[in-house]
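The values are calculated or read from the model by the stated rules, or taken from the named source; none is laboratory data. Keep in mind that what you see is a predicted model, and the values were worked out from it rather than measured. Cβ atoms come from the backbone with ideal geometry, glycine included; neighbour counts cover every protein chain shown.
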Amino acid sequence: MALSVFFIRNEAETLFLGRCAAVFPMNMNLKSLKIFCDIVNRRSFSRAAEDNGISQSGASQVVGQLESHLGVQLIERSKRPLVPTAEGKVFHDGCRKLLASYEALEDEVRTLHDEVAGRVRVAAIYSVGLHHMSRYVQEFRSLHPRANVRLEYLHPERVLETVENAECDLGIVSYPRSNRLVEAVAWREEPLVLVVAPSHPLAACDETPLAALDGLPMVAFDADLVIRNEIDRVLDDHDVEPEIVMEFDNIETIKRAIEIDAGISILPEPTVLREVAAGTLATVRIADAEAAAALVRPLGIIRGRSRSLPPTAQRFLELLRGHAADLDVTPAAAFAVR
């Protein structure tokens, strides 16, 4: 799609696109600009090439052509990970705005007749994506067959980064916080429960005092994760100190460790429904009312502050908000979510 077909709707865009017209040859397409932005965002030629379905040499050639035409170096290739030069940062910021404007315009045109036919890009942390998002995407696609939903499961820091860099429209994160680039809104809260192997002595209990965890081997989240800090805070407030025997950055690995009875853990209840139904894990409620009330994982939706949501993304956001009260899926339904 050549830049010459881009519609100009206000004075600011006229000025900006006028500058672009002086920079880009007529055959320079938006795909090349997207590849360049992806290289900067991902800090890697290979990862950006994979994202765009091209070879690494193809991605390098795109940057080389841009640098040749502009007469400046855009990427500092001697550093790892890759970083843009001062000129590259300015160029990346302008290209990112241009691509976002074009995608918003394209989405607007496609939905002129109230038919949701645009795209929405969503990034979710692994645990939320695996246990919730699949069925919401299926529901949205059944309501709007012509809509294009791209869902990615990423590390929490990458979810925030993709929203900040306009690589996605919406992000689903735990412990959401707003900043100067991102607006966060609360979505739902998930109770945290004690999770043990079926052979563990506590597995026979419906509930247990938090003090019973003192000194027990525990499989914990990595120390730099917010959920670990919040769990530690509740344990400290009640003078409980389990013995940390393993640390992982994701729930799935923690569950596998609990299944072999490497230790206990405290996890969001919806994330273990499948294993509880299968009999490979057991959950135990915390008897202390104050501690149980504090042991929750808030989930939120983040979006970029500097741009309006495209119509399709706005519709998907409305669907998510409509499911805010769905604290979990039933065990039977959990098996159907892959």
Checklist outcome for this item: Note: among Val173, Val128, just one is touching a helix residue (DSSP H, G or I) at 6+ places or on another chain (Cβ under 7 Å) and either surrounded by 21 or more Cβ atoms within 10 Å (Cβ to Cβ) or of a type outside the set (S, T, N, Q) (or both), namely Val173
Next on the checklist: For segment 213-226, check the following and say yes or no: at least one residue is small (Gly, Ala, Ser) and modelled with pLDDT of 95 or more.
Outcome noted: yes
Next on the checklist: On the basis of being over 16 Å from Ala294 (Cβ atoms) and free of Cβ contacts under 8 Å to residues at least 24 places away in the same chain, does Asp214 make the cut?
Outcome noted: no
Checklist entry - Which of (1) out of contact with any helix residue (DSSP H, G or I) (no Cβ under 7 Å at 6 or more places or on another chain); (2) at pLDDT below 90; (3) assigned to a helix (DSSP H, G or I) does Val159 not meet, given it meets every other one? => result (2)
Item to check | Options Arg96, Arg19: the member that is modelled with pLDDT under 85, part of a helix (DSSP H, G or I), over 26 Å from Arg150 (Cβ atoms) and of a type in the set (D, E, K, R) | outcome: Arg19
Next on the checklist: Out of the residues in segment 162-186 meeting the condition of being in a loop (DSSP other than H, G, I, E, B) and within 13 Å of the chain's Cα centre (by Cα), tell me which one is nearest to Phe316 (Cα to Cα).
Outcome noted: Asp169
Checklist entry - Any residue in segment 199-221 that is surrounded by fewer than 21 Cβ atoms within 10 Å (Cβ to Cβ), touching a Lys or Arg at 6+ places or on another chain (Cβ under 8 Å) and outside any strand (DSSP E or B)? => result yes
Checklist entry - Quick one: in segment 72-88, which of the residues that are modelled with pLDDT of 90 or more and farther than 20 Å from Glu167 by Cα is farthest from the chain's Cα centre (by Cα)? => result Val72
